[in-house]
Every structure is written in C-alpha cells, then in structure tokens.
1. Using the Kirkwood formula over every pair of different C-alpha atoms, what hydrodynamic radius in Å results for segment A:91-177?
2. Which of A:Leu106, A:Leu250, A:Leu144 ends up with the largest GNM mean-square fluctuation for chain A, with Cα atoms connected below 10 Å?
3. Over the alpha-carbon set of the protein assembly as shown, work out the extent along each principal axis and list the three values in angstrom, largest first.
4. Please give the peptides A:70-77, D:41-48 ranked by average Cβ packing (other Cβ atoms within 10 Å per residue), highest first, as a rough proxy for protection.
5. Please give the Cα centre distance for segment B:87-128 versus segment A:45-61, rounded to the nearest Å.
6. Please report how far the C-alpha centroid of segment C:153-197 lies from that of segment A:155-191, rounded to the nearest whole angstrom.
7. For C:Phe32, which sequence-distant residues (separation of 5 or more, or a different chain) have an amide H within less than 5 Å of its own amide H, given hydrogens modelled in the peptide plane?
8. Above 19 Å lies some portion of the pair distances; for segment D:6-96, what is it as a whole percent of all C-alpha pairs?
Amino acid sequence: MKRFVAGLASLGWALCPSVSAQDTKKEIQKYQQMIAEGSPVELFELEGEALWKKPQGPNKVSLEKCDLGQGPGVLKGAYARLPRYFRDADRVMDLEARLLHCMATLQGRSRDEATKRVFGNENQPSEMEYLSAYVASHSRGVRLAAGTAHPKEKESYELGRALFFHRAGAWDMSCASCHGEADKRIRMQDLPVLYKREFARPIMATWPAYRVSNSQFKTMQWRINDCYRQMRYPEPIFASDATIALTTFLTVTAAGEPYRGPGTKR
Amino acid sequence: MTRRSLLVLLGVLLAKPLAALAAWNETAFGAKSAADALKSLGAASPAPSTDIVIEAPQIAENGAVVPIEVSSNIPGTTSLAVLIEKNPFPLAGRFEFKEGALPFVKLNVKMGESSDVHVVVVAGGKPYVATREIKVTIGGCGG
Amino acid sequence: MKRIVPWLLTVWPILAMPQTPSDVQKVMQRDFHARGQATMDRVVQDGVQRVCTESNDQPPSELARRLEADQMKTIPFPAGSLMGDWKNGERIAQSGRGLQWTDPAGAAGGGSCYNCHRISPQESSHGTLGPSLLGFGWMRGSGPEMQRYVYGKIYNAKAYNLCSQMPRLGYSGTLTPEQIKDLVALLLDPASPVNKQ
Amino acid sequence: MAVGPMKMRATIAGGNTDVRVLMVHPMTTAQMKEGLHHIKNVVVKQNGRTVVEAEIGQAISRNPVFFFRLKGGAKGDKIEVSWLDNKGETNKVDGVVA
C-alpha cells in the first residue's frame, strides 16, 4: 500500500509544469538565505536583553542571576544544553520552564502571573518570546547537547519518544502522522521527519524563530502547542513535563548540530 | 513598558523637528501604475540598462517579505527607485544617494502577487531601468 | 564531568524504561487541559488508537480485520444517492477548520482534504501525505458501490484500513452527512474538476 | 511589536562602510484593519552629513530592514539613521563604525 501511495505522489510531481523541482528548491533556498540576512531577529534579542536586566516582581530583581544550567547568570551556550536536569527543581527543564523557575524563585512571581500571556502576537510579543530570543542568541555556534546522563533526562527522552508516536485526539494523530515519512508535505509545506537525526538537526538548530509570514517570534513551546491544536487535542499545559519531554527527544535526536538561531522562517 | 521603549519615546519627541523637514512625493506613491509613478518622479520612459544589478530570488515563499538587493554601475547615479508592477501602489521606495554614498540598497518589500519588479535609476539627470520577475508562492506546481 | 561522577556511580543501573501507551495517556491526562471544544476525553485512546500505537501501525491482521469490521458498524449509510454538490465539496475540501480549540463549537468544519491530497487540478497548493485523488471518479466510475465506498471511507477511514493516518471525519463529528455527500460528488461527479481531463 | 526600537550595525567591508539597520514598525497598508501606518522617510548620516535620503511607501515589509553602502569611511565614523512615519512619529539610532 505504501509503495502505491508513493507512486501516486511522484506521479503528481511529474505532472508539474515548467520549473524543475531542483531549480525551485535552489531558488527557495536563496529566498530563505536572503530573508535570514535581513531578519529582524536582533530586535527581539535587544528587547529580550532589556527584559532580562529589568527588575520585576515582588522582589524587584532582574533575571541576571538566573542559572540556566551553566551557573548563575551564564548565558553562553546555556540554550544549546537544554533541556537538562536541574537538581534545585528536581526536574528536567527546557528554556521556558527554567525561565518560569527563575521568575518564581528570584523575582517572587506567581506561576499564574508569569504565564498569563506566554504567546504573543505581531503587535505585542510576549515576555517569554523576547527572553527566548535573547538567551538563545548566546548559543550561536555551540553544538546542541541536551542532557542525556541523568535518569530523569533518560526518562524525559523516553517519554518524548513515546509521545511522538502516540496516537490519540479527535483525529487519531501522532506527531509521526505528519513528521514520520520523508518527502511529504502539508499543502506546500515540506515536512521534516523529526525522529531522524538528519531532519531534526537543522530544525532544532533554528528554533526559536521569527516567522516572516506573520511577523511573529515563536518559541518551541508554541510550536508544540500549535501542533497539538491542529492535531485536535486538548491544550498541552505550558512548560509541562510532556512538552519538555518532546523537546528533549527532538533536541537529543539533533545532538551535535551547531546552534544557529534564533532562526528566520517562512 | 520597558526602559528601552521609554527611551525610544523620548527619542520620538526629540527627533521630531529634524525629520519633519523631509519630503515625500505623495503623487508618486499614490500612483496606481508604474508608468504614472515614474512620471511623478520625473523619470518617465527610462532607457533599459544592463548596468543596474538586481539580486533577488526568482521565487518568494511569502509575499509579505521579498528581499531585493539593487545596485547601479551607471556613473553619476544620484537616485534609485523600486517599483512593483502589480502592486496596488507600485512605487515601493526611492533612495537618493548624496556625496559619500554608493548607489546600493537592500530592502524587503511586500508583493501581492507574482510581478515584474522595476528598478529605475537616475544618472546624470537621465532615467534608466532594469526589470526582474519575482514569483510569489512556493514553487513546485505553484505559479 | 566532576558533577556527573558521584550520582553516576549510585544510580547508573536505573535506566529509563520505555513508556507504554497507558503511561503516556496518564501523562497527558496530567499535562494537558481542556480548552474550548477540545475536551480532555480526547486524550483517552479508543481501541483503534491503542492498537495502532502499540503495534506501530502494523496490527496483527486477524485483529485488524475484527476491529475494521467494528468500525464499519459505526457508519450510518444514508438511503438513496450519496452524491451531493461538488461545488460545496470543493469548499469543504479547502477548509482546514473544525474541532480545534480555536474553532467555535458547533460551527461547520472543513475536511482539510488539500492538506494531504491532490484533488482538483486547479489547486496547486496540495499536500502529499495521502494519494493524489486527481481523476478519481474518471478512473473508477461513479456507480452506487463507488459512492458507498467513498462515503464510508470519508466517514470512517479506519473501517477500511485500521491504522490509516486519515481522520475519521464523520465518526469524529468533523463533517456532517451532507458535507460528506458533497465530498463524494467532488471525487465522483463527472462534472467535477477532479474528473475533467 | 508595534512601533519600537531600532538597531544598527556599521562595519568596514571591502574598503567601504556597510550599514545595516533594523526598525520596528507595523508598516500597515490602508487595506489592513489597523489602517495606513507606514514610515515615509529614512535618513542616513555619516559624521553629521546626510548621505542617503529615502522616501518609502506601504509596500515595504513590516519591521523594515535596510542595507546601505557608504564610500570609504573608517572605524570610529559616526553613523546615524532616523525615520519619520505618516503619523508624525519618529525614531533614530546612532553608533560608530566597528
């Protein structure tokens, strides 16, 4: 059956007129390179820096002493080594979960207040989005190396892998329904086979990212949230273990790729 | 509001008198055809030139952001305008290069649909043009 | 490295066990919440979802046949012609709405068909997750048997191929019987662009 | 981001000065629900002297990015970029060539 489906799909390609698939790919790569050169990502990094250094919450302190895994206040390479196990929280955390932890422990903010508006829009990006841009920018050139040694890191990876292939929701879908087979697309969008190293690497090395189609800066937590929305599931809770596990699975799969985000995407 | 945006606001108030002097060609930007826009810019019927270099992808995945890089190798270039034939208002921008600037600019434009993009250069008081087609929407079977 | 060594010695033997579908379901019940019409019962797997997850979409054939027969019983085939209006069908095939927490409850959904299938030749923005349906009726005819097959397949794809990636669009309440008839016409009606070669 | 900060980077490359400037601006067209709101003028100055004067319209993308190239130049040159929009708002950024 699979071969039959693939045969029909390639027949579809053969029917395409004029521009060859090869040329199209090359031109689209050129487009992507040019938009990356002229990307406003730096503005988000700039605003994120201001928020990182801004005293906030009942304690009126900034996040400058936040320990993202490399020591208090160390930003260099921190994002590339997330998610990882944090002894103080006894939990595997991704960037957003760790930022929430610091907002609570350093700034004295409640989870409710800190998560009131985690996903922004084109007119008003969220604090999380700005901060992600700023923190991630300090990992450019650093190879992705999410934690794999601690038992809770192993557990997070295994859970993420199981979630990736788990079919449920009103439409019986798993992540693999769309990201499980090579050379497939939704509408015109190419779908990366994310459980495979060669596909996961370039994707995980460029999130979080600015999307030119809607002028918004998006985090990995948003990416997972929006996939579940489209898969017709209920909503994953922000920075919950399930969402972190998926990021752990994907980042471990992409291990070794030099981080080059925040990215600029279509 | 962050401290930075407060600073920006301050900048807004202080910078006002300076920028208020700048001119903006309302007729040219309001023109509904590239030809009318060129007339308003005083650059009607430009001569084709191969000394205008347009660097742009043939296919843009998204019309909201189409990167275009243009430069002029025509001696005495003083200005450069970018026009998108099929946009409701074709004139996207006009750049005047004074002593000290090279006739070069890279910018991102919006394109409603696939269209010819014209770059019109004025050099020694005479207009010249180069044209490049850019397709919007992803390729493959796309238009 | 220094930090890793002490606990490495003590806890190394404890390796993470693979998570079973029921473990994953418990995690989802804890880590997801209802929003809008997307209620929490959706993370509770039914038999089909459980079997397909457990078997990595390769269920034992005997079990698959039995469960496919059960799924077939969920399809209430309307009496009479199953051919609706292909023009409506095209609109339904284009729409990707329905059942998401961002969609208003009760509003008409779409089939999201173009996400995965090539259908009308005019629509070049189509996915490739499913087979091309271009010329579907032209190749297969549009008799009552074929109408019944297409209606049933759209209503509940799992009745025909247990671990198909296609949603059960009627069974899940995404599409109404009328909408499915319109999609049948889009694929089978000789006047539909799908069959104009 | 609606109207917000700017960022500029000026570097010596191939004997010339490359200027890259980012602006936060919605650049909405008359057809959009937010209504017409776009930058009209951009001015680039090198050591206080105007070198580029641009007039731009609603066809420039949201959060505009421009690259300009100045003849020669040296490290330490002062570069300033400012803009004015159709609602009278303005902003500017300055820095030295690195």
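1. Across segment A:91-177, the inverse of the average 1/r is 15.7 Å.
2. In this elastic network of chain A, the residue with the biggest mean-square fluctuation among A:Leu106, A:Leu250, A:Leu144 is A:Leu106.
3. Taking max minus min along each principal axis of the Cα atoms, the protein assembly as shown gives 83, 72, 40 Å.
4. D:41-48, A:70-77
5. Rounded to whole Å, the Cα centres lie 41 Å apart.
6. Each part's Cα centre sits 23 Å from the other's.
7. A:Ile237
8. 38
Values in this text are rule-based calculations from the coordinates and carry no lab data. What you see is a predicted model; the values in this text were computed from it and never measured. FYI the Cβ positions are ideal-geometry reconstructions off the backbone, even for glycines, and counts take in every protein chain you see.
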